Amino acid sequence: VAAGALSGVPRTMPALMRAHRLGERAAAVGFDWKDLAGVREKVREELDEINVTELEADSERVSEEIGDALFTLASYARHLGANAEMLLHAALDRFQQRFARMEAELATHGLCMEALDDRRLDEAWQRAKKH
């Protein structure tokens, strides 16, 4: 029995990397969006589906739709020539650095996050993003 186009991609691979690899394999046999606009539209569709399932209060379906949206975003990155796994690592690093800057700034003023309202937290976050 011949192996399928998606066989051999380890299930233990980090999920976004696996999404990238599965997308590459599917694309190699013609199962892919023709252009970036098609992927972008699918991202919007997946986000809309999350909203619908939220309104239905079906947590299992919401979880499935979030997974579908993540997979579609990984495909979007692949179409841009990027790897979603690496993009997420970079985004997490930026978040961690900005968060630390925000904590440090608040500490210099004797403040802690728990004591701030949403507006003041957002202002502190915006300042941290500028550095």
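List the number of the failed condition for residue 84; all other conditions in (1) under 20 Å from residue 48 (Cβ atoms); (2) under 18 Å from the mean Cα position of the chain (by Cα) hold.
Status for residue 84: all satisfied but (1).
Among the candidates 11, 78, 61, 98, single out the residue that is farther than 30 Å from residue 127 by Cα and touching a residue at least 12 places away in the same chain (Cβ under 8 Å).
It is 78.
How many residues, within the stretch 107-131, are open to solvent by 70 Å² or more (accessible area, probe 1.4 Å), in contact with a helix residue (DSSP H, G or I) (Cβ under 9 Å, 6 or more places away or on another chain) and not in a helix (DSSP H, G or I)?
1
Give, as residue ranges, the helices (runs of 4 or more DSSP H) completely inside the stretch 1-106 that count at least 1 residues that are among the aromatic types (Phe, Trp, Tyr) and open to solvent by 70 Å² or more (accessible area, probe 1.4 Å).
59-79
Can you tell me which of 98, 40, 11 is touching a helix residue (DSSP H, G or I) at 6+ places or on another chain (Cβ under 8 Å), modelled with pLDDT of 95 or more and under 27 Å from residue 130 (Cβ atoms)?
Values: 40 fails: under 27 Å from residue 130 (Cβ atoms); 11 fails: under 27 Å from residue 130 (Cβ atoms).
Sole residue among the options that is touching a helix residue (DSSP H, G or I) at 6+ places or on another chain (Cβ under 8 Å), modelled with pLDDT of 95 or more and under 27 Å from residue 130 (Cβ atoms): 98.
The values are calculated or read from the model by the stated rules, or taken from the named source; none is laboratory data. Keep in mind that this is a model prediction, so the values were computed, not measured. So basically every Cβ, Gly included, is an ideal-geometry build from the backbone, and we count neighbours across all protein chains shown. Only protein heavy atoms, including side chains, enter the accessible area calculation; ligands, DNA and RNA are left aside. Shrake-Rupley method; radii C 1.70, N 1.55, O 1.52, S 1.80 Å.
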